[in-house]
Each structure stands twice: as C-alpha cells, then as structure tokens.
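The values are calculated or read from the model by the stated rules, or taken from the named source; none is laboratory data. Keep in mind the model is a prediction, meaning the values are calculated, not measured. Here the Cβ is made from the backbone with ideal geometry for all residues, glycine too, and neighbour counts use every protein chain on show. For the accessible areas, the whole protein counts, side chains as well, though only heavy atoms, and no ligand, DNA or RNA atoms are used. Shrake-Rupley method; radii C 1.70, N 1.55, O 1.52, S 1.80 Å.
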Amino acid sequence: MQSSLVLQNLLSPAILFFFLGVLAVVVGSDLEIPAPLPKLFSLYLLLSIGFRGGVELAHSSLNPTVLITIGAAITMAVLVPLICFWVLRWRFNVFDSAAIAAAYGSISAVTFITAESFLKVLKIRSDGFMVAALALMESPAIIVGLLLVRLMASGKGASKQQAGWGAVLHEAFLNSSVFLLVGSLLIGILVADFSPVGVEKMEPFTGKLFYGALCFFLLDMGIVAAQRLGDLRKAGTFLVVFAVLMPLFNASLGLAAAQLLHLSQGNALLFMVLSASASYIAVPAAMRMTVPEANPSLYISSSLGITFPFNIIFGIPLYMALVQRFIPPQAVL
Amino acid sequence: MQSSLVLQNLLSPAILFFFLGVLAVVVGSDLEIPAPLPKLFSLYLLLSIGFRGGVELAHSSLNPTVLITIGAAITMAVLVPLICFWVLRWRFNVFDSAAIAAAYGSISAVTFITAESFLKVLKIRSDGFMVAALALMESPAIIVGLLLVRLMASGKGASKQQAGWGAVLHEAFLNSSVFLLVGSLLIGILVADFSPVGVEKMEPFTGKLFYGALCFFLLDMGIVAAQRLGDLRKAGTFLVVFAVLMPLFNASLGLAAAQLLHLSQGNALLFMVLSASASYIAVPAAMRMTVPEANPSLYISSSLGITFPFNIIFGIPLYMALVQRFIPPQAVL
Amino acid sequence: MQSSLVLQNLLSPAILFFFLGVLAVVVGSDLEIPAPLPKLFSLYLLLSIGFRGGVELAHSSLNPTVLITIGAAITMAVLVPLICFWVLRWRFNVFDSAAIAAAYGSISAVTFITAESFLKVLKIRSDGFMVAALALMESPAIIVGLLLVRLMASGKGASKQQAGWGAVLHEAFLNSSVFLLVGSLLIGILVADFSPVGVEKMEPFTGKLFYGALCFFLLDMGIVAAQRLGDLRKAGTFLVVFAVLMPLFNASLGLAAAQLLHLSQGNALLFMVLSASASYIAVPAAMRMTVPEANPSLYISSSLGITFPFNIIFGIPLYMALVQRFIPPQAVL
Amino acid sequence: MKRLDLILSERELDKLLEALDAAGAPGYSVMRHVTGRGRSGSTVSEGMEFSGLGANAHVIVFCEDALLPALRSAVQPLLEYFGGVAYTSEAAPLL
Amino acid sequence: MKRLDLILSERELDKLLEALDAAGAPGYSVMRHVTGRGRSGSTVSEGMEFSGLGANAHVIVFCEDALLPALRSAVQPLLEYFGGVAYTSEAAPLL
Amino acid sequence: MKRLDLILSERELDKLLEALDAAGAPGYSVMRHVTGRGRSGSTVSEGMEFSGLGANAHVIVFCEDALLPALRSAVQPLLEYFGGVAYTSEAAPLL
Ligand SMILES: Nc1ncnc2c1ncn2[C@@H]1O[C@H](COP(=O)(O)O)[C@@H](O)[C@H]1O
Ligand SMILES: Nc1ncnc2c1ncn2[C@@H]1O[C@H](COP(=O)(O)O)[C@@H](O)[C@H]1O
Ligand SMILES: Nc1ncnc2c1ncn2[C@@H]1O[C@H](COP(=O)(O)O)[C@@H](O)[C@H]1O
Ligand code: NA
Ligand code: NA
Ligand code: NA
C-alpha cells in the first residue's frame, strides 16, 4: 500500500517537474526561470489557494470542529519551535537555533498545495478551513523565535541593537505571503456569500490553471533547492539529519492531534503536512530583520534544500500511509 | 436598487482585489507585483479585449448606429478636454491644465473592462463596437491637449523648443496601447470572418482566463493607486474635487448622448464610463514628450489615484443606476 | 487549393499576431514585450509541446516506423548542415559557413508548433513521436558544425584556443531548450503510463492555453524578427537568397524522405518543417561558445529575420500543398 | 579614459542611443528598469513601470577623454528637454 | 562632486531611501534585482528572489562633497545592522 | 581602493564569477539583463534575451589595489575569448 502511494506521488507531474529542475542543476544545464517569473507563480498560487479556501470555507458551517482544529494548528505552531530549539541547542548558538526553530514551526504553502493535489488524485476530500489553518500557522513561530532570542540570549553576545516589537509583529502578520493568503481567503468568503457569479468567473484562473502552474513553479523550486545543496556541506551532518527527522517527529505530533480531534483523513494529512513543513519565505525574511546574528544559509538550506524536497517526495505519501493506518476513513468531520 | 448595485460591485472579486492592493499599501505590507508582471497583464488585457471586441464586431452588421455611436465617442473625446481645460484654468497654468484636460478626455481601458465585467454579472448585453469606440477615444484628446498648449501658451513661458506635429501624431496614434488594441481588434475581425476555428482556439486564453487576470491586475492597480495618494496632498483640494466631480459631469454628458442615440442599456453604461474615465497610460506618456512643462504628478495622481478608483468603485454602479432610470431596457439597438 | 491554404494560414490568429509585431517595428510604435516575458512563453511552449508529445507517444506503440522516422530525422540533421556548408563556402569563410550551416541543420520549435496548429485547423492528425524527432534534431547539427570547423579550419586563422569536446557535447545535449523539451517529453510518457489523472489535471495548462500563448509569443517574435531585418543589409543578397531557397531545398529533401518512409500527411508536413526550419536559440548559443570567430549577426538574422518568417507565413502552406500532392491521404502510418 | 553615466527616462532611451552612435561612442551598456528620485522631487517607481511613463534607464559609456565634447553636445538637448542626469569620472582599462 | 554607490538587500531599500531623503540627497537612482556575494561569503542569487529574502539593490547618489558626512551618518546604522557596502568616488557633471 | 566594472555576456557569467572567487575577490555585485553595443558594432537588445544568446551582465567588484593583478589574470582569458569590457576606477569606502 505504502509503496504504491510513494510511486503514485513520484510519478505525478508535480514531483516529476521538481526532479527535472533538480536534474538541470545536477547535470549543469543552463535551464533557469528568470526573476520575477517565480514570483509570479508564487503570488498566483497564494492568491488561488486563498481564494478557493475562502470559497469552501464559506460553504461549510462554522462548527466547533473548525475552531478547535484551527486552535490546534496554532498550538502546533507554538509548540514545534520550542521543541526544535531545544534539539538545536545541542549544536548551534541561540541565534541560529531560534531562527531554524522558527522556520520549522512555520509552514510551507507549496508543500501544503502539493499535498492537496495528492489528495485530489486519491479522491479524498479535505476542507476549506485547512487553508485558514495554513494562513494562521505562518506567524506564531516568528514571534516564538524572537521571544526565544530575547529570553535566552541576554548578554550572550547580543551586541546588535534590537528590532522593536512593533516591527516584529508587522513582519509576522503583514509580510506579503501571509497578507496575500489571508486577504484572498477573506475575498473568497465574501465572494462566495455575496457574488456567486464571481466564483464562477474566477474558476478558470484560480482552479483549472492551478495544477499546471504548480508544476511550472516546482520546476523552479527543483532548481533552487538543488542550488542550496552545496551549502549543506558547510552546515554539517547534524543539520541534515535534523532536517529529515524533525519533520517526521512533527508529523507524528500532527497525527496524534488529528486523531484526538477526529479529523477526516484528508484534513489529517494536511494537518500533518503543516506540522512537518518548514518555511523558506516568510520566516527567513523575518529572521533576517529580527535576528541578524543568525546565519541565513543554515535555515534556508535546511528548510528549502532538504525538508521541502523530503516532504513533497517521501513525506506526503508516508504521512498518507500513516493516516490510512490510524485514521478511520469515515471520520466524524 | 442603486445601493444593491453598489454592493454587488463592491463585493465582486475584481473590486475586492483592488481594495486588497490598497490595503497592502495602507498597512505597510511588503506585497508587490514586481515589474514587468503588471505589463504582462496590461498587454494581455488589451490584446484580449481588442480581439474579443473584433470578433463581436464582425458578427454585428455595420449599421448606421455603429457609425453614429463611434462618431459620438470621438466627439466626446474632443469636447471633454475643452471643458476640462476651461475648468482647470481657474487654478492651473496652461501647461498643467492642458495635460490634465487631455487625460480626462482620453479613456482608461481597465475601467472599461471592469464595467464590461459588471454588465456580464447583471447579464446585460453590450456590443463589440464599443471596443472600437474605446480604441478611437484614446488619441483625439492628446491632439486637443497639444493644440490647447500651442494656441494658449504663445509667449507664456513656453521656452522649450517644441516637439513637431509628426512626433505628436505618432505618439497619439501609434503608442503601444492604441496600437495593440486596434491591432487586436482588426485581427479579431479578420479571424472571425475567415478563420472561425481560430476564434475557438483563442477562447480559453482571451476569454476564460480574462476575469482572473483582471483581478490580478487590479490587485496591482490598488497598490499603485494607493502609492499615488501621497502626491495628492501636494496637488491640493481643487484637483481632488475636480477628479471626483468632473467624471460625474462627463458621465452625465455621456448619458445624454446615449439617450439621444438610443443606445442599449449596456452600450449606454460603457459610453458613460468612456466619457467619465481618464487616461493614465497613453496620455501621460504623450504629454511628457509634447508638454514637458507640465508636472506629471498632477495628471497621474488625479487620474490614477482618484478618478480611476472612484469610477470602478462608485462610478460604475452609480452610472448603471442612472442608465436603468433613464434608458429603456429594450432599446432600439 | 494551394492559394486557399496560404490564405487560411495568413488569416490565422498566430500569423496575424506575428504580422502585428512586425508592423509595430515598421511603423515605429513603442510596443514591446519586456524581458523576461518572452522567456516565460518560450519555456511554457517547450514544456507544453514536450509534455503533450510524451503523452501521445505513450499511447502509440513503439513500432519500427517510429524508430525509422526518428532515425531519418537525425540523418537529416547531419546531412543538411553538410549541404549548407558546401553552399555557403562560396561566399563565407569557414567559421561563418559552419555556424550558419549548423543553424539550418537544427530546428525551430516555434515553427514546428505553428505547423502543428495549422494541421489542427485542417483536422489532419500527426503523431506524438514527431515531438521526439523535434527534440533529437536540435543537437546533431551543433556537433557537425564544430566538426566542420575543426576539420576545415586547420591553420586558417584559428588563432583562438579551442573549446573542449566535453563543453561542446554539454552545450549540444544539455542546453536549456533541448533539456526542457526532452525532460517534459519523458515526464509526459511517465505520467501517461502511470498517472492518467495527472494528464487530465495538466490539460487546461498545457492544452487549452497553448494556442493563445503561441499567439502572444508570435507577437513578440514579429517584433524581434523585424528588428533583425536591418542587419540583413549588411549580410548581403547572397545570404538573403540562401535563407529563402535553402529551406525550400531542405523541405524537398524532407518530402522525399517522408514519401520513402510512407509517413502520414500530418507527419510528412512536420518532417518537412523540421528539415526546412533553422535554429535561432540553441545553435547560436552553442556557436558563440564553440566558434567565437563566426559573426553572430549572420546566423541570427538569416534564421530569425528571414527563414523563420518565411517558413511560418509561406513555407507551411506551401509544404502542405506539396504533401497533398505527393503523399496519399490514407498513409500506412 | 572617461566613464560617462547617463540616467534618464527609458522613453527617451532610443533617442539617446542614436545620439551616442552618431557622436561616435565606441560602445555603451544599458540598464533598464531603474527607478529613482530627481531634482524636481518626482519619483520614478517600479509600480508605474507598466504605465506609459516607464522607468529610467542607466547608460554607461567608457570612452577616450577626447570624445567627451562630442558626447556632451549629443546628449545635452535631450537631457535639457526631457530631464535626466549625466556625470563623468576617471576610468582606466583593466586589460 | 561625489558619486556614492550603496549595495544592500532590497528588503531594506525603503528604509535606506527614507534615510537618504531625510539627509538631503539631491536625488538617487535605484537598480534592483542585483545579485552578488558579500564578505560573509553568503550569496544572493536570482533563484532566491521569489523568497522573502529577495535580491540586492544598488543605489547611486551624485552629490556635492559637502553632503557626504550627512549621508554617511544616515546610512551607517542601516548598513551596520543589515550588512551591505558603500563606496564613494569622484564625479563631475557632464553638462 | 579600486572599483572594477566588468561587462560581458551573461552566458559567461558563471565562469567569470568562479574566476573572481578563485582570484580572491572579497565580494561582487551582479546586474543582469544589461543590453548594449560593443566595439564590433554588435548590439545586445532586450528582444533577443529569450534566445540562447541572452543579454549582458554588469559585475562590480570593490577591492584593494593589491588585488588588481590577480583579478586581471583571472578575467583576461574569458574576456579575450568571449568579448566584453573591463575598466577600473578609484573608490573609497564611505564608512
Ligand atoms: N543626484 C542624483 N543622483 C543619482 N541619480 C539622480 C540624481 N538626480 C536625478 N537622478 C536620476 O535621474 C532621474 C531623472 O532626474 P530628474 O530629471 O532630476 O527628475 C531620476 O529619476 C533619478 O533616477
Ligand atoms: N567587494 C564587493 N564588491 C562589490 N559588491 C560587494 C562587495 N562586497 C559585498 N558586495 C555586495 O553587497 C552585498 C551585501 O554584502 P555583505 O553585507 O558583505 O554580505 C553582497 O550581496 C554584494 O552584492
Ligand atoms: N565603450 C563601452 N562602454 C560601455 N560598455 C561597453 C563599451 N564597449 C562594450 N561595452 C559593453 O560590452 C559588451 C560586449 O562588448 P564587445 O565585446 O565589444 O561586443 C557590449 O554589448 C556592451 O554592453
Ligand atoms: Na511546521
Ligand atoms: Na474620458
Ligand atoms: Na532544419
């Protein structure tokens, strides 16, 4: 069962185009997706996933399960960076540990999208409110990361003058990816409620085109991820192992929570993926500003160079196999 | 009735994404659509609206109403800048007055497109020849603007050597937006007449995708419009009031003409929108070359920062309410 | 018959948008498609044509005709540059002759795509394995071109230190356009065999959108081709005549081969187009590195400024007329 | 040798390059999509690039000192009519 | 006159331009999408531009020598906190 | 200190940066999508950027005077084989 899931994932266009991008770097082809095209695709994906999530959210009633799930998601976004920090302190200083921990507490929207596509192939439903969970899990880890630095680094070489809390909260809640995702989600809710024709007219753009655009973007992500691999040699074995084992551990936490909350199979997979994935967009940008002492190549190369590929290639089918093993097909929700 | 039209417009995806862009600037999010992506969308919108207008134009017979409507449109494009100039001279010098007047005599293709989308939601028909009117209203105001400068500014500090008429006509009729719009319109006519399969093959690109692309572009327009608002403080109250009242007046002129010409409800709305909208692409580019004495931030911030948002947010539903009040639903055309 | 084919081609959106681009340059409009938008469309077209070719290839059985056709295609890619070289040596030095010859031995993917669209309008089938032929005809001419320089230019002013064979083979087989085309083709095959849902999900992106994107790209190609025309005055009449007559000769060779191999009408047209078209992407890039002595404006302006427009405007319908004259409608394959 | 830095609206770029060609510039390099603020206080921002006003372009010319007067006369009318800045500095070929 | 070249992450560009405005810079030009490698060995590549880290920006200011101290104090805190480089050279107006 | 300006086809950019790294450059900044005209009269235009020939890149290196000979030997073979220009000028750190 599990091996067929792995294969089904490996042979999907999305993952194959990711591999093609990796291969381009490995064999030294001059294939590249010049800036700002990757930005076009990432803005498009955020806008579409937000809008469609909002539309679905509007159609589902706001029952307690929704609120509890979202609460659990936010709890994970606070808990995970604390655990990660504790693990990372074995090897790294406070600054690097806090920054890497924040990345793993936050999420990767593209990993989420890839998991959603995977569910669609398996014809397993998931709910629109998981997109709200996605949006709400981006920010807390950023704040936790900075709190860790403030609390643990007193006097430990924190020579730099500190960024104010205002700037940090701004960065956490108004960075472009959170802003566009939440904004599109709210627009989706409003449009679904008050202008159903609008939903229809958006469909070819936000719906039909979505999977192809994801593949194109993953081709670029493959190139970018492979380019980061070189940095890893500098980072050392500890970080490489961390970047593979930590997602597995976080996914297990996510599975336990999903079981407790009686999430459906689809939602459970997405919850695990949110827990397991690490940010390489919002968090690095925030950490660069708030913890300039941390070395960006550590948190970017581990989250983008290892955890991201690991999750979309092996993680998703593996988590799905666990879901099928531990979550009953006909869940309450 | 009218308030429901306003609401229907406000809650359409297009306007909501425009607001999201404005909000990004207001709250200071780092959301941006990097160049040249906005150019991609603006080229795409012009190409699509032109092509589809051409296809529709080919299907309608070239009856007198078509010619009379187009003639009236061109007349508006000559008349409106003269009136505007007369108003603006109260406060501004000849150069600034002429340049702003030219902007208001010309049109905004995106405002037109937004109005067309609004009509589609209301399931009210409009005709392909209105796209021809759109195309033909871009240029005359540029020429009127320059004529005004030549006639009125003799000796009044016109120290700069003047651009030749050849350069002006070139700028008026061959600037990229007029050129692409007219070119795509002609292609649409030819293809509809001689290669119907071609129309079908273009449809997913020029038709299905259109509304989503419009939303994406309006997200950027929201950002850009909000960025211009700062300039307005420098421009002063007079210009702000002008930028709201003048479109209303021009729209009324347009309504009167539409009634006289017995336009259908859909065409009447588009005619009003053409009269009311102001150019922030072709005209600024032309004025910069031909009237370098004028201050660009005046004509750009009023047309882009006020008139454009005013028209797409309040103007369109308001004009529609007037149309429904004064134009019978089953018009001759 | 033939004149109606020419007309049908001339009045297709693709060719009309190409003309619009040419016209923009001729009349001096400031219309331009800023970088990297043309790159976006060229990557998209290669990815889509590759993927769809792969899917079709997977559905057809790997019979001997497939292999023989591909073998013949590769033979053409070796033979054509040799003939061209022999012709070009009348006027040009070894370096320029070899570089131009390599361009004409290789192919133009956009010409191929335009021919495919033309076939679809005529409702004539072609096979997915022709995309494989397209992919495999890009590289051999690069190697032949360099071999010609190495063999013929010994001591003839080859003062520059030479690029190693490793670099040449790398450039020939791993340049971005070959890499993306072959990669997408393989992905198409894998997905068609193992993940049919994936084919469906890609369809709106790689299929529906394709023709519109081609038109947009041809608008840019029109601009670029017209910009090259100025260079031709420097190149002289010989090269201009060569750039029109050589494709005709190569197409005839292709027709003879197609007849010998009993190709279907659709495949025969594509085979002729592959033989007749000249590269302006992969080959110039390779020649610049391996034969820096050659003058790039010669091989680029002839292939892009003359042969490309000639093929898509007159060549394709002309070759089709020949196909209809010499290839029976119900071929074996 | 001299290095010449010209910054002006990309709307006038073609005219400028023609003027440089005519004045005998040995070559030039152009960076587009340049934004900035000028003496008039008017800002050129990336957001407006889609509009007809476009962004600025930055043109660099490396040339012999003797060519400077010719280049000056070539670009002066353009910069005076349309705005933009022009500065020179000393440069030496590396090779 | 002086020419000032500032290269830093485009994440801090807005802050830098505000600082330049406040310090009285007569104007500036900005090139974005600049990549590079710094003293720390960390590379800014085009591939990462879509991510939150962005690319670098290159800001050029032509100004009177007298303005240099003010500009120096304006940009110093930013460059020290966030990294980036700043160099000056001699320049003369062409016109 | 010195400022080094290198302009060459972006096809050779990777090779150039490797050579600079190997020669000990303390850092560099790269602007891509540069167009221009060279001594051969051949023009690099934005329109051709999608093709395999690409546009030019402009590389800036600020370095100590002592490093110049090493950088010269590093870039010379590349510029001679593929074309491109290289100029130096005086620069001083602002901070
Ligand atoms: N002092 C300056 N330093 C650098 N760039 C400048 C300066 N002044 C003007 N510019 C550039 O030149 C463009 C046109 O300047 P202006 O004609 O003064 O509006 C501006 O948008 C800037 O990009
Ligand atoms: N020596 C140098 N020459 C040119 N650019 C440099 C140099 N050092 C740093 N840079 C640029 O400044 C950016 C930030 O530098 P840093 O703060 O040292 O990481 C780099 O990414 C480069 O673009
Ligand atoms: N005199 C010059 N000033 C500025 N840029 C130049 C100059 N000469 C050449 N270039 C640039 O260097 C590139 C290659 O030059 P070349 O090898 O002479 O064709 C050109 O495309 C220009 O971008
Ligand atoms: Na996580
Ligand atoms: Na108007
Ligand atoms: Na060929």
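Quick rundown of the values:
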| read-out | value |
| --- | --- |
| Peptide C:280-288 - average C-beta neighbours from other chains (10 Å radius) | 4 |
| Cα gyration tensor category, rounded, prolate or oblate, for the range B:193-282 with a/c compared to 1.5 | oblate |
| Accessible surface buried upon E-F contact (total; probe 1.4 Å; Å², nearest 100) | 1800 Å² |
| Mean residue ellipticity (222 nm) of chain C, computed from DSSP H runs ≥ 4 via -39,500 (n - 2.57), nearest 500 | -23500 deg cm²/dmol |
| Accessible carbon and sulfur surface of chain F relative to its total accessible area, %, 1.4 Å | 55 percent |
| Stokes-Einstein diffusion coefficient of the range F:2-87, Kirkwood radius over Cα pairs, 4 °C, 1.567 mPa s, in µm²/s | 99 µm²/s |
| Partner chain coverage, peptide A:212-224 - average Cβ within 10 angstrom | 4 |
| Inter-label distance for D:R39 and A:L260, nm, one decimal - labels placed 7 Å from Cα along Cα-to-Cβ | 6.9 nm |
| Heavy-atom accessible area per residue - the protein assembly as shown, 1.4 Å, Å² | 34 Å² |
| Inter-copy label distances at A:W86 (7 Å, Cα→Cβ; nm, one decimal) | 8.0, 8.0 |
| Förster radius 30 Å - calculated FRET efficiency between A:T75 and A:D193, Cβ distance, rounded to 0.05 | 0.55 |
| Shielding of D:19-32 by partner chains, average beta-carbon count, 10 Å | 5 |
| Per residue convex hull volume, Cα atoms of the range B:109-267, in Å³ | 181 Å³ |
| From the C-alpha gyration tensor of the range B:256-308, square roots of 5λ in Å | 30, 11, 8 |
| Given charges at beta-carbon only (K, R positive; D, E negative), |dipole| of the range E:2-87 in Debye | 240 debye |
| Loop GluC sites (Glu not before Pro), the range F:53-95 (other Cβ atoms within 10 Å of the site Cβ: 11 or fewer; DSSP) | F:E64 |
| Between 0 and 90°, nearest 10: helix F:68-82 axis offset from chain F longest Cα axis | 10 degrees |
| Listed pairs B:K120/C:K201; E:K2/F:K2; C:K39/C:K201 exceeding 26 Å between Cα atoms | B:K120/C:K201 |
| Cβ-vector label at 7 Å, A:H262, separations to other copies in nm | 6.8, 6.8 |
| Principal axes of chain A: Cα extent on each, largest first, Å | 57, 47, 40 |
| Paramagnetic reach from B:V27 (point 7 Å along Cα→Cβ, amide N under 20 Å) across the range A:102-142 | A:106-109, A:129-142 |
| Chains F and C, summed buried accessible surface - 1.4 Å probe, Å², nearest 100 | 1700 Å² |
| Measure of compaction for the protein assembly as shown (Cα Rg per 2.2 N^0.38 Å) | 0.92 |
| Per-copy distances of the A:K123 label point, shortest first, in nm (7 angstrom along Cα→Cβ) | 3.4, 3.4 |
| Relative contact order of chain B, defined on C-alpha pairs under 8 angstrom at six or more residues apart (%) | 33 percent |
| Trypsin sites (Lys or Arg not before Pro) restricted to DSSP loop in the range F:1-44 with at most 11 other C-beta within 10 Å | F:R39 |
